[in-house]
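The values are calculated or read from the model by the stated rules, or taken from the named source; none is laboratory data. Bear in mind the structure is a predicted one, so any value in this text is a computation, not a measurement. Counting neighbours? That spans all protein chains shown, and the Cβs are built from the backbone with ideal geometry, glycine included. Ligands, DNA and RNA are excluded from the accessible area calculation, which covers all protein heavy atoms including side chains. Shrake-Rupley method; radii C 1.70, N 1.55, O 1.52, S 1.80 Å.
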Amino acid sequence: MGIDIYLEWPDMTKEENDAQITGFSTISGHVGYLREAYHGEPYATRALVPEAFDEGEAQIPAKVLQERLGGVGELVVQREKEIYSQTNDAEIERVLQSFKDFVALAATKEAEHGQPCTIIASY
(Lines give C-alpha, C1' and ligand atoms only; values in the text may rest on other atoms or scores of the structure.)
Protein backbone atom coordinates (compact mmCIF):
# COMPACT_ATOMS: atom_id res chain seq x y z
CA MET A 1 0.00 0.00 0.00
CA GLY A 2 1.13 3.49 -0.67
CA ILE A 3 0.50 6.96 -1.97
CA ASP A 4 0.44 7.45 -5.73
CA ILE A 5 0.45 10.94 -7.24
CA TYR A 6 -0.31 11.42 -10.93
CA LEU A 7 0.01 14.51 -13.08
CA GLU A 8 -2.49 15.00 -15.91
CA TRP A 9 -2.64 17.74 -18.52
CA PRO A 10 -4.76 18.61 -21.56
CA ASP A 11 -4.05 16.53 -24.66
CA MET A 12 -2.13 13.94 -22.65
CA THR A 13 -1.32 11.06 -25.00
CA LYS A 14 -1.80 7.39 -24.29
CA GLU A 15 1.97 6.98 -24.34
CA GLU A 16 2.39 9.73 -21.73
CA ASN A 17 -0.30 8.14 -19.58
CA ASP A 18 1.19 4.66 -19.97
CA ALA A 19 4.63 5.98 -18.94
CA GLN A 20 3.17 6.66 -15.50
CA ILE A 21 2.60 2.95 -14.93
CA THR A 22 5.98 2.32 -13.34
CA GLY A 23 5.48 -0.55 -10.92
CA PHE A 24 5.54 1.82 -7.93
CA SER A 25 8.82 3.51 -8.81
CA THR A 26 9.99 6.22 -6.42
CA ILE A 27 12.06 7.89 -9.13
CA SER A 28 9.55 8.60 -11.91
CA GLY A 29 8.69 12.24 -11.36
CA HIS A 30 9.91 12.98 -14.87
CA VAL A 31 6.84 11.21 -16.30
CA GLY A 32 4.43 12.78 -13.78
CA TYR A 33 4.32 10.04 -11.15
CA LEU A 34 5.36 10.16 -7.49
CA ARG A 35 5.23 7.28 -5.01
CA GLU A 36 5.57 6.97 -1.26
CA ALA A 37 4.95 3.83 0.76
CA TYR A 38 3.08 3.87 4.07
CA HIS A 39 6.16 3.34 6.19
CA GLY A 40 5.69 6.39 8.39
CA GLU A 41 5.87 10.15 8.44
CA PRO A 42 6.92 12.55 7.13
CA TYR A 43 5.14 12.24 3.78
CA ALA A 44 6.65 14.59 1.22
CA THR A 45 3.77 14.07 -1.21
CA ARG A 46 1.28 15.42 1.33
CA ALA A 47 3.42 18.54 1.73
CA LEU A 48 3.77 19.05 -2.02
CA VAL A 49 0.14 18.59 -3.06
CA PRO A 50 -2.08 18.79 0.06
CA GLU A 51 -5.05 20.03 -1.97
CA ALA A 52 -5.09 16.79 -3.97
CA PHE A 53 -5.58 14.83 -0.74
CA ASP A 54 -8.65 16.88 0.18
CA GLU A 55 -10.73 15.95 -2.87
CA GLY A 56 -8.65 13.28 -4.60
CA GLU A 57 -7.50 15.74 -7.25
CA ALA A 58 -6.67 19.40 -7.62
CA GLN A 59 -5.27 21.92 -10.05
CA ILE A 60 -2.25 23.47 -8.34
CA PRO A 61 -0.30 26.16 -10.18
CA ALA A 62 3.31 25.24 -10.91
CA LYS A 63 4.44 28.39 -9.11
CA VAL A 64 2.89 27.06 -5.90
CA LEU A 65 4.57 23.68 -6.36
CA GLN A 66 7.90 25.41 -6.97
CA GLU A 67 7.49 27.48 -3.79
CA ARG A 68 6.84 24.31 -1.77
CA LEU A 69 9.73 22.36 -3.25
CA GLY A 70 12.38 23.54 -0.75
CA GLY A 71 10.46 22.34 2.28
CA VAL A 72 9.40 19.20 0.47
CA GLY A 73 13.02 18.46 -0.36
CA GLU A 74 13.89 18.61 3.32
CA LEU A 75 11.12 16.09 4.03
CA VAL A 76 12.37 13.78 1.28
CA VAL A 77 15.85 13.77 2.80
CA GLN A 78 14.49 13.30 6.33
CA ARG A 79 12.25 10.44 5.20
CA GLU A 80 15.03 8.65 3.34
CA LYS A 81 17.38 8.91 6.32
CA GLU A 82 14.93 8.22 9.16
CA ILE A 83 12.45 5.79 7.64
CA TYR A 84 14.74 3.92 5.25
CA SER A 85 18.09 4.40 7.03
CA GLN A 86 19.51 5.58 3.73
CA THR A 87 23.08 6.83 4.02
CA ASN A 88 23.97 6.92 0.33
CA ASP A 89 23.65 10.56 -0.72
CA ALA A 90 23.35 9.58 -4.38
CA GLU A 91 20.31 7.42 -3.63
CA ILE A 92 18.70 10.18 -1.59
CA GLU A 93 19.35 12.62 -4.45
CA ARG A 94 17.61 10.25 -6.92
CA VAL A 95 14.39 10.42 -4.89
CA LEU A 96 14.74 14.16 -4.39
CA GLN A 97 15.34 14.65 -8.12
CA SER A 98 12.11 12.80 -8.83
CA PHE A 99 10.15 15.46 -6.93
CA LYS A 100 12.06 18.20 -8.75
CA ASP A 101 11.33 16.55 -12.09
CA PHE A 102 7.63 16.23 -11.25
CA VAL A 103 7.42 19.97 -10.50
CA ALA A 104 9.43 20.83 -13.62
CA LEU A 105 7.08 18.75 -15.78
CA ALA A 106 4.07 20.45 -14.21
CA ALA A 107 5.59 23.84 -15.05
CA THR A 108 6.35 22.80 -18.64
CA LYS A 109 2.86 21.44 -19.27
CA GLU A 110 1.24 24.46 -17.62
CA ALA A 111 3.25 26.77 -19.90
CA GLU A 112 2.30 24.72 -22.96
CA HIS A 113 -1.41 24.63 -22.18
CA GLY A 114 -1.97 27.86 -20.25
CA GLN A 115 -3.53 26.18 -17.24
CA PRO A 116 -2.32 24.20 -14.22
CA CYS A 117 -2.13 20.45 -14.50
CA THR A 118 -4.51 18.24 -12.59
CA ILE A 119 -2.83 16.38 -9.77
CA ILE A 120 -4.47 13.16 -8.64
CA ALA A 121 -3.77 11.58 -5.26
CA SER A 122 -4.53 7.89 -4.93
CA TYR A 123 -3.99 6.44 -1.47
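See the values below:
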quantity: Answer residue from the stretch 108-123, given it is part of a helix (DSSP H, G or I) and surrounded by fewer than 17 Cβ atoms within 10 Å (Cβ to Cβ) and is nearest to the chain's Cα centre (by Cα) among those; calculated: 108
quantity: Residue among 27, 21 that alone is open to solvent by 70 Å² or more (accessible area, probe 1.4 Å), assigned to a loop (DSSP other than H, G, I, E, B) and not hydroxyl-bearing (Ser, Thr, Tyr); calculated: 21
quantity: Residues located in the stretch 60-76, provided they are exposed (fewer than 14 other Cβ atoms within 10 Å of the Cβ) and not acidic (Asp, Glu); calculated: 63, 70, 71
quantity: Conditions (1) open to solvent by 20 Å² or more (accessible area, probe 1.4 Å); (2) among the acidic types (Asp, Glu); (3) within 13 Å of the chain's Cα centre (by Cα): number failed by residue 41; calculated: (3)
quantity: Filtered residues of the stretch 4-18 (kept if open to solvent by less than 20 Å² (accessible area, probe 1.4 Å) and either more than 18 Å from residue 80 (Cβ to Cβ) or over 10 Å from the mean Cα position of the chain (by Cα) (or both)); calculated: 4, 7
quantity: Whichever residue in the stretch 78-106 is among the β-branched types (Val, Ile, Thr) and buried (at least 17 other Cβ atoms within 10 Å of the Cβ) and, among such residues, is nearest to residue 11 (Cα to Cα); calculated: 103
quantity: Within the stretch 1-18, tally of residues that are out of contact with any Phe, Trp or Tyr (no Cβ under 8 Å at 6 or more places or on another chain) and assigned to a loop (DSSP other than H, G, I, E, B); calculated: 5
